[in-house]
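As structure tokens, the structure follows; a few thoughts come after it.
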Amino acid sequence: MIDHTLLKADATEAEIRKLCAEAREHRFASVCVNPGWVGLCAHLLSGSPVKVCTVIGFPLGATTPTAKAVETRDAIANGATEVDMVINVGALKSGDDDLVRRD
């Protein structure tokens, strides 16, 4: 199972379209893109078995659990079928287990 990923901040629409075409052609399991590209990927991959994955709290994980929840709901509404969330690493390193669980 291969996930085809493009998470650079300056990814262009042309690059996203190419990513989706390659994923479809090579039958990759998913494409993983920043939340702003989820809708386009869902449209381009409609009818194919390729899933649309996005990242939440990327790259630092240093946003609040509430912000991550909003971002997740929005991504799902736009067509994301998989979500990868970056945990709050600072909270983990600090031993703040409650925040890590809420996150």
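Structure values in brief
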read-out: Pairs with Cβ under 9 Å, 6+ apart, first in segment 1-25 and over 13 Å from Cys53 (Cα atoms), second polar (S, T, N, Q) and assigned to a loop (DSSP other than H, G, I, E, B); value: Lys8/Asn34; Ala9/Asn34; Ala11/Asn34; Arg24/Ser48
read-out: Only listed residue being polar (S, T, N, Q), surrounded by fewer than 18 Cβ atoms within 10 Å (Cβ to Cβ) and either over 14 Å from Ala9 (Cα atoms) or under 14 Å from the mean Cα position of the chain (by Cα) (or both), chosen from Ser30, Ser48; value: Ser48
read-out: Tally, over segment 75-101, of residues that are farther than 26 Å from Glu22 by Cβ and either surrounded by 14 or more Cβ atoms within 10 Å (Cβ to Cβ) or in contact with a Gly (Cβ under 6 Å, 6 or more places away or on another chain) (or both); value: 8
read-out: Tally, over segment 40-85, of residues that are over 18 Å from Ile2 (Cα atoms), among the polar types (S, T, N, Q) and assigned to a strand (DSSP E or B); value: 0
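Computed from the coordinates by the stated procedures, all read-outs in this text should not be read as laboratory data. Values in this document were obtained by computation on a predicted structure and should not be read as measured data. Every residue, glycine among them, receives a Cβ derived from its backbone with ideal geometry; neighbour counts consider all protein chains shown.
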